[in-house]
Amino acid sequence: MKLAVAGKGGVGKTTLTVLLGEYLTRHGQEVWLVDADSSPCLGPALGLSSDEIPTPLVADTELIRERVGGDGFIRLNPEVGDLPERFHAKAAGMNLLVMGSVAGAGGGCACAANALVKSLLGHLLEERRQWVLVDLEAGVEHLGRGTVESVDGLVVVSEPSLRGLETAANVSRLAYDLGLQRQVLVLNRAAPGAEFPALSDLPPLAAALPRLASLEARQLASASALGLAERELIDQACSAILSALANGRGNLDL
Ligand SMILES: Nc1ncnc2c1ncn2[C@@H]1O[C@H](COP(=O)(O)OP(=O)(O)O)[C@@H](O)[C@H]1O
Ligand SMILES: [Mg+2]
């Protein structure tokens, strides 16, 4: 299954992506984490040092020219089959691909880079026990047909704040309009049972993840979100998120 994680900046998208990946890995699944943020953060959140983190694919102008072309002619279905193997890093039993922003912005080759990223997202997996988790750029502007069409479900993350929830509702509405109906809301840094304004267009709440004291405690020393002390709480949230996404589609068979 392919899931994208979206929401306002700083609400916990990258953290939740890593927590879900770690949970799935412990349950015997093969996990590919895709960093689709223009300021990639998944590598550090997986405990990798900067020299272990691959350069974003969208910045590899040589590769983009070779596969997609440029200068007026663009191949919309470039060959990408060899790229996951060539460009991934391993971390905590998971595979990391750093793409950079899917939508890109301006610049001569943004369009070519997008064609490469979309093809690659579309190509990844589809085998049982394989999962792709895409950590998206913050906000709504980047959410396009390309991203939405390449995933099966959307995890919308928000803090229990009006601004976070408004962004969550906007993200959700746009993705829904683009045809992605399988969506859940996750409240991060929220007490269980916390009340929040019922804005229209918010997806159904699947789980609330509380403030994680062990994550805060290590923050100055490490960006890693792996191996946190609150494992039981985190597992409950991950399990609730995944079963909410599986509704109507049967057992996820973890
Ligand atoms: N539940 C939580 N408890 C404590 N700190 C958290 C929690 N979720 C995220 N954080 C911290 O908040 C900051 C932003 O989280 P991050 O996952 O990078 O957000 P985003 O990817 O949405 O920008 C990070 O420093 C992260 O460690
Ligand atoms: Mg992030």
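Descriptive notes on the structure:
- Label point distance in nm, Ser214-Asp82, each placed 7 Å from Cα along Cα→Cβ: 4.2
- The Phe73 and Gln130 beta-carbon pair, evaluated with R₀ = 22 Å, returns a calculated FRET efficiency of approximately 0.05.
- The calculated 222 nm mean residue ellipticity attributable to helices in the chain amounts to -10000 deg cm²/dmol, summing -39500 (n - 2.57) over DSSP H runs of n ≥ 4 and dividing by all residues.
- Simple spin-label estimate for Arg173 and Ala246 gives 3.3 nm between the two label positions (7 Å along the Cα-to-Cβ direction from each Cα).
- Rounded, prolate or oblate (a/c below 1.5 giving rounded, otherwise prolate when a/b exceeds b/c) for region 120-238 by Cα gyration tensor: oblate
- The trypsin sites (Lys or Arg not before Pro) of region 161-254 that meet both conditions, a loop assignment by DSSP and at most 15 other Cβ atoms within 10 Å of the site Cβ, are Arg211, Arg249.
- Look at the alpha carbon pairs under 8 Å that are at least 6 residues apart: their mean separation over the length of region 2-246 gives a relative contact order of 27 percent.
- Highest GNM mean-square fluctuation among Asp37, Asp60, Asp82, for the chain modelled with Cα contacts below 10 Å: Asp82.
- Added length on full extension, which subtracts the Cα-Cα distance from 0.36 nm per residue, Glu30 to Thr55: 6.8 nm
- With a Förster radius of 25 Å applied to the beta-carbon distance between Asp152 and Ala191, the computed FRET efficiency rounds to 0.25.
- Here the chain is scanned for GluC sites (Glu not before Pro) in DSSP loops (not H, G, I, E, B) that have at most 14 other Cβ atoms within 10 Å, and the longest stretch holding none of them is 1-78.
- Overall form of region 2-58 per C-alpha gyration tensor (a/c, 1.5; a/b vs b/c): oblate
- Neighbour counts of other Cβ atoms within 10 Å put Asp51, Asp35 in the fewest-to-most order Asp51, Asp35.
- Put in order of Cβ neighbour count within 10 Å, fewest first, the listed residues Thr147, Thr25 become Thr25, Thr147.
- Set of lysines near Lys13 by C-alpha distance (under 18 Å), chain-local residues within fewer than 8 positions excluded: Lys2
- Cβ crowding within 10 Å ranks Met99, Met1 as Met1, Met99, fewest other Cβ atoms first.
- Three principal axis lengths of the chain [C-alpha, angstrom, descending]: 54, 38, 36
Rule-based calculations on the coordinates, nothing more; no lab input. Note that the structure is a prediction, hence the values are computed from the model and not measured. Here the Cβ is made from the backbone with ideal geometry for all residues, glycine too, and neighbour counts use every protein chain on show.
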